[in-house]
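Step one of this worksheet: look at the structure below.
We did not get these values from a lab; they are worked out from the coordinates using the rules stated. Since the structure is predicted, the reported quantities are computational estimates derived from the model, not experimental observations. Methodologically, a virtual Cβ is constructed for each residue, glycine included, from the backbone with ideal geometry; neighbour enumeration extends over all protein chains shown.
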Amino acid sequence: MKANLEKTTVKDISYLINSSCLRANSGVSLEKLASMLCSSDRYKVYLENTDSQLVGVIQAKQIATKILELSRQKADEEEMLPAIAYVLNFFHGHDLAEPPVYVRAATPLKQVVELMQLNSIREIAVVDEKLHLIGTLEAKNILSHYLKAKTETEL
């Protein structure tokens with residue numbers, strides 16, 4: 001097991017890639033995305049185009065912020081509930097999505113960690129050469145791998 005972040009690549013730790021991340025077509029409604037997020041322990045959904053290429057990512061906080069933004073414009077509950085329903089059904093994933101931050105199998109872990117730090121994210125998408133989502137890597141798993149490898153080299 002490699003403890004060197006510069007020599008270790010994503011491929012070397014592929015067993016840590018979480019393939020059960022949430023995925024959806026970028027055109028799906030915010031209501032569907034919110035439902036997906038509420039029924040899982042994940043906090044973001046990776047959006048794909050019709051060719052299954054990663055095109056964006058949307059977080060639960062973006063949906064909540066959009067609803068809150070609109071609800072602040074309404075005076076009472078009678079106006080607020082239709083407004084929330086409108087937001088959830090009118091807007092789609094691609095309307096609020098952020099550009100995805102991703103790496104490939106050959107990316108060194110040092111670069112992965114730097115990208116995560118630069119973008120203030122705890123999880124990063126791993127894609128193949130056609131930008132198809134393979135899964136995600138979490139910072140805690142990278143750290144766990146590094147600490148375990150370091151301990152093994154010290155023995």
Here, trypsin sites (Lys or Arg not before Pro) of the range 44-98 satisfying both criteria (DSSP loop; at most 11 other Cβ within 10 Å) are Arg72
Counting helices only, and only those DSSP H runs with n ≥ 4, report the 222 nm mean residue ellipticity of the chain as the sum of -39,500 (n - 2.57) divided by its residues, in deg cm²/dmol to the nearest 500. -13000 deg cm²/dmol
From phi via Karplus (6.51, -1.76, 1.60), per-residue ³J(HN,Hα) for the range 105-117 in Hz, x at Gly/Pro: 4, 7, 5, x, 4, 4, 5, 4, 5, 4, 5, 5, 5
Explain nothing, just the number: relative contact order of the chain, from Cα pairs under 8 Å at least 6 residues apart, as a whole percent. 33 percent
Under a straight-distance cross-link criterion of Cα-Cα below 15 Å, which aspartates and glutamates are reachable from Lys130, leaving out those fewer than 8 residues away in the same chain? Glu48, Asp51
Under 1.5 on a/c is rounded, so check that first for the range 11-154, then, if it is not, pick prolate when a/b is larger than b/c and oblate when it is not; a ≥ b ≥ c are the square roots of the alpha carbon gyration tensor eigenvalues. prolate
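With the cut-off at 1.5 for a/c, could you classify the range 103-155 from its C-alpha gyration tensor as rounded, prolate or oblate?
Prolate, because a/c is 1.5 or more and a/b exceeds b/c.
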Taking a virtual spin label 7 Å from the Cα of Arg23 along the C-beta vector, which residues in the range 33-54 bring their backbone nitrogen under 15 Å of it? 45-54
Between Asp95 and His132, what is the label-point separation in nm under the 7 Å Cα-to-beta-carbon projection? 3.1 nm
Please find, in a Gaussian network model of the chain (springs between Cα atoms separated by less than 10 Å), the residue of Leu88, Leu96, Leu118 whose mean-square fluctuation is greatest. Leu118
State the extension gain, in nm to one decimal, for the chain segment bounded by Tyr15 and Met80, taking 0.36 nm per residue of separation less the distance between their alpha-carbons. 18.8 nm
Run the reach check for Lys150 against lysines, Cα to Cα strictly under 29 Å, same-chain hits fewer than 8 apart removed. What comes back? Lys2, Lys7, Lys11, Lys110, Lys140
The range 124-140 - phi-based ³J(HN,Hα) in whole Hz, Karplus 6.51/-1.76/1.60, Gly and Pro as x: 10, 6, 10, 10, 8, 5, 9, 6, 7, 5, 8, x, 10, 10, 9, 4, 5
Give a quick list of GluC sites (Glu not before Pro) in the range 28-74 that DSSP marks as loop, anything other than H, G, I, E or B, with at most 10 other Cβ atoms within 10 Å. none
